Structure formats: C-alpha cells, structure tokens
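S.K.: I have a structure here, written as structure tokens, and I will follow up with some questions on it.
No value in this document is a laboratory result; all are computed from the given coordinates. As the structure is a prediction and not an experimental result, all values here were calculated from the model. Here Cβ is always computed from backbone atoms with ideal geometry, including for glycine, and neighbour counts include all displayed protein chains.
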Amino acid sequence: MQTAMNLDREHCVRAVQSKDARFDGWFYTAVLTTGIYCRPSCPVVPPKPGNMTFYPSAAACQQAGFRACKRCRPDTSPGSPEWNQRADLVARAMRLVADGVVDREGVPGLATRLGYSTRQVERQLLAELGAGPLALARAQRAQTARLLIETSALPMAEIAFAAGFSSIRSFNDTVREVYALSPSELRARIPGDRASGRPGAPAPRSGPAAAPTTPGTLSLRLPFRAPLNPDNLFGHLAATAVPGVEEWRDGAYRRTLRLPYGHGIVALAPRPDHIACRLTLGDLRDLTVAISRCRRLLDLDADPVAVDGRLRVDPLLAPLVDRAPGRRVPRTVDEAEFAVRAVLGQQVSTAAARTHAARLVSAYGKPLDDPEGGLTHLFPSPESLAAVDPETLAMPRTRRTTLITLVRQLADGTLHLGVDSDWAQTRARLLALPGFGPWTVDVIGMRALGDPDAFLATDLGIRRAARELGLPSTPAALTARAEAWRPWRAYAVQYLWATDSHPINFLPV
C-alpha cells in the first residue's frame, strides 16, 4: 500500500475486498452507485471494483457529495499514521486541525502558526487530501457532533455550540448532509436508554461506549490499529506519574488536562479492541481537542504492522518484536509540561524525578477538584514557573539555570513546543539551551514532539539492553547500527527498554 496521499488503486481494491482493518483511516472507499463512503473493513458485501473510487480523507469524500456509511461508521476510524510520522507542512497542518486550531483561530491562524501564506496552506492540503482546511475542520465538527448526539442527553443547541458550529442551521445542515439523517434521527437510532442520557445501555460496535453519569462527563471508545501492547504504554505513564496530576486508579490511567477553554480530567483504560476513555470537561467545546490529545498521548494512530515489519528485519530485534508486538511510544498531552519534566529527570531516578515534579505541582500548579479520584492540580504553566525565584528550587544550581531558561523561553515565545513544531529546527533550538544534551533533546523529540525516529543512543537503559542483545553499546556504533531501523527508531527504543525489569515495562495491577 502506498501512502494515502498517493493512492494505488489496485492495492486499495485488494484491501477493501479482504476487509483489511489495517487500512482503516489510511483511505476511504466511495461507492458511486450508492453515494456513500466506507472504511476498507466495512462488513457489507464489497462493491464491484468499477463502482469504487478512493479518497485520502473523509472530508474529501464529503466534499465530493458522498455520505458516511451507517454500518461501518467511517468517521470513527483511527487517524492516518501519515500525520504522526512526518514533519512537513501538510502533516503539521493536519495535527493542528485535529487540535481544533481552525475552529478557534480560522484558516489565517492556521497559516500563521505554520509560517506560510493562507493560499499556500490551502493549495497543499487540497493537493494531498482533496480538501482544504475548512472542509477538514467541518468533517471534524460533524464527527464531534455525532459523538455528543450519541453519548449525551445535551440539547441539540448545546451540542451545536460544543462541536464548534456557528449556528443551529449550519449544525443541522452538516449532520444531515454527512450522515443522511437529522440530529434527532441520529439520536433516535441509539439503542436502549442511551438517547435519554441514562447509563447502562449497550454501546454501538464502534465509536462511543456508554452514556455519561455526571454533567460534563462523556464515555468514549478510542479505536486503534491492532496489535497494541499496553504493557509499556500504560506502564510508563503509571510508573512516571506525577502525584496530583496523574494517577493509576481502578485499572485506568487518569490525569488532568489544560485545554483551550478550560480544564478537564481523563481516565484511559486498555481494552482488547479499543481504549476506554472517560472525559470530564469544564467546557464541552474542548471535546475535540481532548480526544486528539488523548490519541496522541497513547500513539493510537500508529501503524504497528509497518513499524514491527521494519524492526523485524534486524535479527537481534526480531525476537523482541515477535514476543510482544504492537508496542507504542508513550507521549504527552502537553509538550511544555513534558520538557520541564525531562529537565527534572536529568541524571536522577524515576522516583526522584516524580518527587521534584510533585513539589512544583504543589507549589505552583492550579488546584482543581476531582470527586472521582485523587487528582488535585494542573501542572504549572511555563508562565507561572518563569516567575519563580530560582533560589527557592531544591535542585543543583546548574539544573535550576537549565529549568528557568527553558520556562522563560517557553513563556515569552522564544521557544515553541507543539504539534506544529518543525522537529529539526526545534531540536537545534533545544540543543542551544544551557544544560541540554542529546539525551534530553531526544527524549523531548520522542515523547513531546512525536518524532517516530528519535533515538536515545546515550540512554543507560538502551546501552545496557544493547550489550545484552549483542548490539553495539557505544552511542556512535549503536547509532550506526540503528540506521537500519529508520524511520521507526523511537519504537526500537520501546523494545530495547522492554528487556529490563523496570516498572515502566509492566501494566499496573
């Protein structure tokens, strides 16, 4: 299969005829005779090849006049892996669209963040995806609206507002156009008592899970491409959790979220075929952004077949991949927060890093209430930390200098870390900061910026694993050997780390 932006018709037809779920989200099948579009794994009888046409995005299908299939629900497919393995203009734009920037700042705001003209952004998105930024944002609003219609008892007017529509009429017209049903007809299709907002009714096959039980709370199903190994993913998040901001409770990883319109709390729990996601939001307009950040945190749009296939080529890595395939890279919901935590973790144990971070949270984090658990604060913002007197920080002087320099540059905009960051440029800017060496920069690149090829050649755990496996253990020699693992070296790091008995490698009980 070629990339979704360069669709190979023969491979697409073959994927549809075999109902191959691995390609859900890579492309969409529009059926000329019915006027609907589907995911490749749609359970209905595949149409004749002559009646199929293929699009790289749901927005392109909608713009061409096709409606979403009511059976396979293509709008609930995992996102395309393309956007998380590239750092070019289109990939960065797609990450920003998913983060709700077009709805909040418009296309000019999107272009400004990317450093290009509005016309150039629109032209490149249209060329690769068959839809411009407004159409892509509209498709996302339609998906959010459907989610709220099916998982909440909110009045339709509130749903329209929360999903980002400018008017009730626009909301009604878009939902009817995309799903061939009115909003009220969509809600009437929900089984049992879920249409009335009462808990306990079964969830549909894909998409939302159960109705909320408290105001502002939604329960969702986050899809992914199989296989997914939850051990290192949730193990890492739980083992490094900062008290007050994160916790492992009742089989779920829970944490606080700083969002554009307010704050939230999320609980994420692994299931065999999805991630159970329970979101409590202060402002429902943050729903789309919160889902996007949770998916990014858990690397749910990855293509594990492509990743593992590449790493298996190395005979020393192949047994690790075969033993537990589908490892993901645990990432973050807040790039600036992770950069601060990376500095706190320099040359100290996991426990010590958590202690340092907990002190900052207690002293400078914004308090919040968590009736369902033990979360107490949002992680301190760069602005609040930039105002701290360095002499009050209980850490070595050089580390204080590193931390204060970082947060001040983040606060004044000299340094920007976000989904739209250019990986190479950001890496160079981080390396220019005092106290930033290759390990700190690479771990930020891997977990905060989302670079799938970031490689921690100087990490002690990686070097120890390399020696045990018979790989070169010096940073230079190991980096040379790792050339064969490109562009998935960040995933190789997860497999190498997994050879140790550290708690980060085990799903908490």
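S.K.: Which of 62, 97, 298 sits closest to the plus end of the dipole of the chain, meaning its Cα is farthest towards the positive end, when Lys and Arg get +1 and Asp and Glu get -1 on the C-beta?
M.R.: Of the options given, the answer is 62.
S.K.: Taking C-beta distances below 4.7 angstrom as the pairing criterion, name the unpartnered cysteines of the chain, in sequence order.
M.R.: Cysteines lacking a close Cβ partner in the chain: 12, 61, 277, 294.
S.K.: Roughly how compact is region 299-419, stated as its Cα Rg over 2.2 N^0.38 Å to two decimals?
M.R.: Here the Cα radius of gyration is 1.37 times the empirical estimate.
S.K.: Follow-up question, since we're still on this one. Specify whether the C-alpha gyration tensor of region 417-457 places it in the rounded, prolate or oblate class, a ≥ b ≥ c being the square roots of the eigenvalues: rounded for a/c under 1.5, otherwise prolate if a/b is larger than b/c and oblate if not.
M.R.: Oblate shape, in that a/c is at least 1.5 and b/c is the bigger or equal ratio.
S.K.: Give me the log10 of I(q) over I(0) for region 225-281 at q = 0.23 Å⁻¹, as the Debye formula computes it from C-alpha points; what are the numbers?
M.R.: One equal scatterer on each Cα of region 225-281 leads to -0.95.
S.K.: What share of the DSSP beta bridges in region 9-77 is antiparallel, in percent to the nearest 5?
M.R.: 70 percent
S.K.: Please list log₁₀ I(q)/I(0) at q = 0.06, 0.11, 0.13 Å⁻¹ for the chain, using the Debye equation with identical point scatterers on the alpha-carbon positions.
M.R.: Log10 I(q)/I(0), no solvent term: -0.27, -0.97, -1.37.
S.K.: Next up: Sorting check: for 423-432, 383-392, 331-340, 404-413, which peptide has the highest mean count of neighbouring beta carbons within 10 Å, and how do the rest follow?
M.R.: 331-340, 404-413, 423-432, 383-392
S.K.: What aspartates and glutamates could a cross-link reach from residue 48, if we take a straight Cα to Cα line under 18 Å and drop same-chain neighbours fewer than 8 places away?
M.R.: List returned: 8, 10, 20.
S.K.: Pull out a ≥ b ≥ c, the square roots of the eigenvalues of the alpha-carbon gyration tensor of region 19-168, then state rounded if a/c is under 1.5, prolate if not and a/b is larger than b/c, and oblate in the remaining case.
M.R.: oblate
S.K.: Rounded to a whole number, what is D in µm²/s for region 9-77 from Stokes-Einstein with the Kirkwood radius over alpha-carbon pairs (10 °C, 1.306 mPa s)?
M.R.: Rounded to a whole number, D works out at 139 µm²/s.
S.K.: Can you tell me the order of 83-96, 35-48 when each peptide is scored by its average per-residue count of other Cβ atoms within 10 angstrom, highest first?
M.R.: 83-96, 35-48
S.K.: Only Cα pairs under 8 Å and at least 6 apart count here; give the relative contact order of region 9-77 as a rounded whole percent.
M.R.: Once normalised by length, the contact order is 36 percent.
S.K.: Could you name the aspartates and glutamates in cross-link range of residue 70, using Cα to Cα under 15 Å and dropping any fewer than eight places away on the same chain?
M.R.: In chain and number order, the partners are 150, 177, 185.
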